[in-house]
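Please treat every number below as a calculation from the coordinates, not as lab data. Remember, it's a predicted structure, so these values are computed and weren't measured experimentally. FYI the Cβ positions are ideal-geometry reconstructions off the backbone, even for glycines, and counts take in every protein chain you see.
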Amino acid sequence: MVITEDLRQRLGLEIKGEKTTLIANSQRVTCQITDSVEIHWKDRFTALPAMIIPGAEKVLFGALPLEAMDLMVNPITQEVVGAHGDREEYMAL
């Protein structure tokens, strides 16, 4: 999950460290890692740290929050929906 520096400041999140990561354009960048951000969607929630990528202007929800809450993006309507309808399904290993 990527957030902007402005949003980090508005949420009062602390920087916990840095990581080098490969972004979509195949460039390696060093980004800051924040405290966990609590994310809610309907009756589901998760908490994950966020990354602040230098120059990022938009929030990127990403695959980890979607997976953690058993969600997906409907490719036709472009809306976030439950991957298994209204019930959450998790596989325990």
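Just to be sure I understand, how many residues within region 54-86 are over 19 Å from residue 24 (Cβ atoms) and assigned to a helix (DSSP H, G or I)? Selection size over region 54-86: 1. Might you check whether a residue that is basic (Lys, Arg), in a strand (DSSP E or B), loosely packed, with under 10 Cβ neighbours inside 10 Å and at negative phi occurs anywhere in region 44-53? For region 44-53, residues basic (Lys, Arg), in a strand (DSSP E or B), loosely packed, with under 10 Cβ neighbours inside 10 Å and at negative phi: absent. Selection of first residues in region 53-70 that are over 13 Å from residue 3 (Cβ atoms) and of second residues that are among the basic types (Lys, Arg), restricted to Cβ pairs under 6 Å at least 6 apart or on distinct chains, gives the following pairs, ordered by first then second residue: 69/44. For region 20-39, the set of residues classified as part of a strand (DSSP E or B), surrounded by fewer than 12 Cβ atoms within 10 Å (Cβ to Cβ) and not aliphatic (A, V, I, L, M) consists of 20, 28, 30, 38, listed by residue number.
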